[in-house]
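Below: one structure, written as structure tokens.
The values are calculated or read from the model by the stated rules, or taken from the named source; none is laboratory data. Not measured: the values here are computed from a predicted model. Neighbour counts are summed over all protein chains in view; Cβ atoms, including those assigned to glycine, are modelled from backbone coordinates with ideal geometry. Surface areas here come from the heavy atoms of the whole protein model, side chains and all, with no ligands, DNA or RNA. Shrake-Rupley method; radii C 1.70, N 1.55, O 1.52, S 1.80 Å.
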Amino acid sequence: MSTTSAESAESAESAVSAVSAVSAVSAVSAVSAASAASAAPAAARTDAPRPVAVVVDGYSAGNFYPAAFAAYGTAVVHVQSTPELIPAMAPPDLSAYDDTVVVTDEAELVDVLRALDPVCVIAGQESSVPLADRLSEAVGVPSNGSAQSPARRDKYEMTETLRRAGVRCVSQFKTDDPDAAVNWAEGQGTYPVVVKPLSSAASDGVVVCAGPDEVRTAARAVLDAPNMFGIANTEILVQSYLKGTEYIVDTVSCGGERYVCGVWEYEKTLLPSGKNIYNRDLLADPDTDPVVAELTAYVDEVLAALGVAWGPAHAEVIVTDQGPVLVEIGTRLNGNISAPFHDVCLGHNQAALTAQAYTRPEEFRARYGGRTYARLQPAVVYNTPTELDGVVESVDGTAVAEIRSLESVFSATVKLAPGARITPTVDLLTTPLRVYLTAPDETALTADYEKVRSLKDAVYVVA
């Protein structure tokens, strides 16, 4: 591109950004004022607009935020931080937002958001956490701040921060050289070890390696491909293998007071390739399972070490013979969230709790601060594995209907459409179905889970 063309393109982009920014402020103000006026009784109407929440990159689980904040009388603005949507993730439903801002210049974006006077600026998904931290800090709303953002996103910095704080953590090494990764693994004197990207999600690029050749192959594979957010992997993380049962610990914090809103046990299968298939997530019962209290005490240490005082967090922790050890934590919603499902088995959901923490902080702290959830009934999230390999010719509606008709099945998501490629499952991203099950009776729940297992591969007709 010539210099003149480049300058023209840059000017055009700035002009579009400026128009989008001004339009966003005007539109949200108008929508908020109109909504407030129409919702109020005639004798009590004022011109005061609704409060505004800002969601940065509301992909995947972030799609639960608009309804959650709307329930608290709050308008929701979506910030798209990239010129184009990220193709690897379930896109945000922009129709659910009061407005969308597409501004790539961060200083300009801060000015736009300040004009909205929001109650919060929060990350809609994993890769937007650092930007949301900077924006919330700059705008002057409740924030975890940017000083420890790298430790809340980069898995190496995360663990080293725990180590400095005296929190139990894994041994690790980072490098841009596959041979150096092998040398570190050999120096540990024992296998397996785990190779993974520094910053990704959903088990992307994570491999359990039983020997030096596998370490080298896995390290090269990480470096040769971008992560699931389309960002180049420039370094490799190698960690000691944690033997034990893995759990999810989901929390919401409000001014440093956290609520544990769910603990789920991972049921996993390790493939010969070194990839873990996450099969079932089983909701733990705090009243009967002492591991919930053990995990809660440990995650409290993790949150404090990483400076998490506001918003949701999704931690993955393995309980070893020495005690709980963090695998990783993200300051965003659990990617497996289904708000209506969680409302049934838990009585609340992480998105709604987050909205309450920001819009009604005193109410949140009084009801939830320092507490742990109660399990209302047993529940399972089943990400179905498959050995099918080919192109989806059609989806068998009869099989889908039979799964959805089971008494314990709350909902079932068919991920692939006709024409899509289906491949043998190697990680969470390659599971073709997600099924949410809950029932008062554990026996009935297990029976329906087994029935889903027998039907899952009948859902897709593969050419």
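Please work out if THR413 is of a type in the set (Val, Ile, Thr), part of a helix (DSSP H, G or I) and surrounded by fewer than 18 Cβ atoms within 10 Å (Cβ to Cβ).
On the way: of a type in the set (Val, Ile, Thr): yes; part of a helix (DSSP H, G or I): no; surrounded by fewer than 18 Cβ atoms within 10 Å (Cβ to Cβ): yes.
Spelling it out, it is not the case that THR413 is of a type in the set (Val, Ile, Thr), part of a helix (DSSP H, G or I) and surrounded by fewer than 18 Cβ atoms within 10 Å (Cβ to Cβ).
Looking at region 69-82, I want the residues that are farther than 15 Å from ASP117 by Cα and have a partner that is open to solvent by 10 Å² or more (accessible area, probe 1.4 Å) and assigned to a strand (DSSP E or B) with Cβ atoms under 6 Å, at least 6 apart or on another chain. Which pairs are those?
If the second residue must be open to solvent by 10 Å² or more (accessible area, probe 1.4 Å) and assigned to a strand (DSSP E or B), the pairs left are GLN80/VAL102.
Hey, can you tell me all the residues within region 390-410 that are surrounded by 20 or more Cβ atoms within 10 Å (Cβ to Cβ) and either hydrophobic (A, V, I, L, M, F, W, C) or touching a Cys at 6+ places or on another chain (Cβ under 7 Å) (or both)?
Within region 390-410, the first condition is being surrounded by 20 or more Cβ atoms within 10 Å (Cβ to Cβ), and the residues that meet it are 392, 403, 406, 408-410.
Of everything in region 390-410, those that are surrounded by 20 or more Cβ atoms within 10 Å (Cβ to Cβ) and either hydrophobic (A, V, I, L, M, F, W, C) or touching a Cys at 6+ places or on another chain (Cβ under 7 Å) (or both) turn out to be VAL392, ILE403, LEU406, VAL409, PHE410.
Please give the number of the condition THR234 fails out of (1) out of contact with any Ser or Thr (no Cβ under 8 Å at 6 or more places or on another chain); (2) under 26 Å from GLU267 (Cα atoms); (3) of a type in the set (Ser, Thr, Tyr).
The one condition THR234 does not meet is (2).
Is it fair to say ALA180 is modelled with pLDDT under 95, among the aliphatic types (A, V, I, L, M) and at negative phi? First the steps, then the outcome.
On the way: modelled with pLDDT under 95: yes; among the aliphatic types (A, V, I, L, M): yes; at negative phi: yes.
In short, yes.
Could you list, in sequence order, all residues of region 109-124 that are open to solvent by 50 Å² or more (accessible area, probe 1.4 Å), closer than 20 Å to SER146 by Cβ and touching a residue at least 40 places away in the same chain (Cβ under 8 Å)? Reasoning before the result, please.
Start the filter on region 109-124 by keeping residues that are open to solvent by 50 Å² or more (accessible area, probe 1.4 Å), which leaves 111, 114-115, 117.
Then keep just the ones that are closer than 20 Å to SER146 by Cβ; that gives 111, 114.
Of everything in region 109-124, just one residue is open to solvent by 50 Å² or more (accessible area, probe 1.4 Å), closer than 20 Å to SER146 by Cβ and touching a residue at least 40 places away in the same chain (Cβ under 8 Å), namely ASP111.
Could you please tell me which pairs satisfy a Cβ distance under 6 Å, a separation of 6+ or placement on different chains, a first residue in region 299-311 that is of a type in the set (Asp, Glu), and a second residue that is not in a helix (DSSP H, G or I)?
From residues that are of a type in the set (Asp, Glu), the pairs are GLU301/VAL167.
Which of (1) outside any loop (DSSP other than H, G, I, E, B); (2) out of contact with any helix residue (DSSP H, G or I) (no Cβ under 9 Å at 6 or more places or on another chain); (3) over 14 Å from GLU393 (Cα atoms); (4) open to solvent by 50 Å² or more (accessible area, probe 1.4 Å) is the odd one out, the single condition LYS451 does not satisfy?
The number of the failed condition is (2).
The conditions are (1) over 20 Å from the mean Cα position of the chain (by Cα); (2) at pLDDT below 95, and ASN336 fails exactly one of them. Which is it?
Of everything listed in (1) over 20 Å from the mean Cα position of the chain (by Cα); (2) at pLDDT below 95, ASN336 misses just condition (1).
Which one of these does VAL206 not meet: (1) crowded, with 21+ Cβ neighbours inside 10 Å; (2) modelled with pLDDT under 90; (3) over 23 Å from ALA61 (Cα atoms)?
Unmet condition: (3).
Go over the candidates ALA70, ALA48, ALA88 one by one and state the one that is surrounded by fewer than 20 Cβ atoms within 10 Å (Cβ to Cβ), of a type in the set (A, V, I, L, M, F, W, C), modelled with pLDDT under 95 and closer than 20 Å to TYR358 by Cα. Walk me through how you get there before you give the answer.
Working: ALA70 fails: modelled with pLDDT under 95; ALA88 fails: closer than 20 Å to TYR358 by Cα.
ALA48 is the lone residue from the list that is surrounded by fewer than 20 Cβ atoms within 10 Å (Cβ to Cβ), of a type in the set (A, V, I, L, M, F, W, C), modelled with pLDDT under 95 and closer than 20 Å to TYR358 by Cα.
Quick check on region 209-257: of everything there that is among the acidic types (Asp, Glu) and in a strand (DSSP E or B), which residue is farthest from the chain's Cα centre (by Cα)?
Residues of region 209-257 that are among the acidic types (Asp, Glu), as a first pass: 213-214, 224, 235, 246, 250, 257.
Okay, now just the ones that are also in a strand (DSSP E or B), so 246, 250, 257.
Working: GLU246: 17, ASP250: 10, GLU257: 21 Å.
Once the filter is applied, the top-ranked residue is GLU257.
Out of SER136, SER127, I need the residue that is among the polar types (S, T, N, Q) and either within 15 Å of TRP310 (Cβ to Cβ) or open to solvent by 60 Å² or more (accessible area, probe 1.4 Å) (or both). Which one? Can you show your working first?
Details: SER127 fails: either within 15 Å of TRP310 (Cβ to Cβ) or open to solvent by 60 Å² or more (accessible area, probe 1.4 Å) (or both).
Unique residue meeting the criteria: SER136.
Tell me, which residue of region 331-368 that is touching a Ser or Thr at 6+ places or on another chain (Cβ under 8 Å) and part of a helix (DSSP H, G or I) is farthest from TRP264 (Cα to Cα)?
The extreme case among them is THR359.
In this structure, does LEU94 turn out to be within 18 Å of the chain's Cα centre (by Cα), without any contact (Cβ under 8 Å) to a residue 40 or more places away in the chain and open to solvent by 30 Å² or more (accessible area, probe 1.4 Å)? Walk me through it before giving the result.
Values: within 18 Å of the chain's Cα centre (by Cα): no; without any contact (Cβ under 8 Å) to a residue 40 or more places away in the chain: yes; open to solvent by 30 Å² or more (accessible area, probe 1.4 Å): yes.
Judged against the criteria, LEU94 is not a match.
For HIS314, only one of the following conditions fails: (1) buried (at least 21 other Cβ atoms within 10 Å of the Cβ); (2) in contact with a Phe, Trp or Tyr (Cβ under 8 Å, 6 or more places away or on another chain); (3) closer than 21 Å to LEU242 by Cα. What is its number?
So the condition that HIS314 fails would be (2).
Search region 434-463 for residues that are closer than 13 Å to ARG280 by Cβ and touching a residue at least 12 places away in the same chain (Cβ under 8 Å) and pair each with any residue that is part of a strand (DSSP E or B) and charged (D, E, K, R) when their beta-carbon atoms are under 8 Å apart and the residues are at least 6 apart or on different chains.
Taking only residues 6 or more apart or on different chains, the pairs are TYR449/ARG280.
Looking at region 50-90, which of the residues that are under 17 Å from the mean Cα position of the chain (by Cα) and assigned to a helix (DSSP H, G or I) is farthest from HIS348 (Cα to Cα)?
SER60
Name the residues in region 375-410 that are modelled with pLDDT under 95, in a loop (DSSP other than H, G, I, E, B) and not β-branched (Val, Ile, Thr), would you?
PRO385, GLU387
For residues that are acidic (Asp, Glu) and either open to solvent by 30 Å² or more (accessible area, probe 1.4 Å) or in contact with a helix residue (DSSP H, G or I) (Cβ under 9 Å, 6 or more places away or on another chain) (or both), scanning just region 234-265, find the one that is nearest to VAL299 (Cα to Cα). Can you show your working first?
Of the residues in region 234-265, the ones acidic (Asp, Glu) are 235, 246, 250, 257, 265.
Then drop every residue that is not either open to solvent by 30 Å² or more (accessible area, probe 1.4 Å) or in contact with a helix residue (DSSP H, G or I) (Cβ under 9 Å, 6 or more places away or on another chain) (or both), which leaves 235, 250, 257, 265.
On the way: GLU235: 27, ASP250: 9, GLU257: 13, GLU265: 15 Å.
Per the stated criteria, the residue is ASP250.
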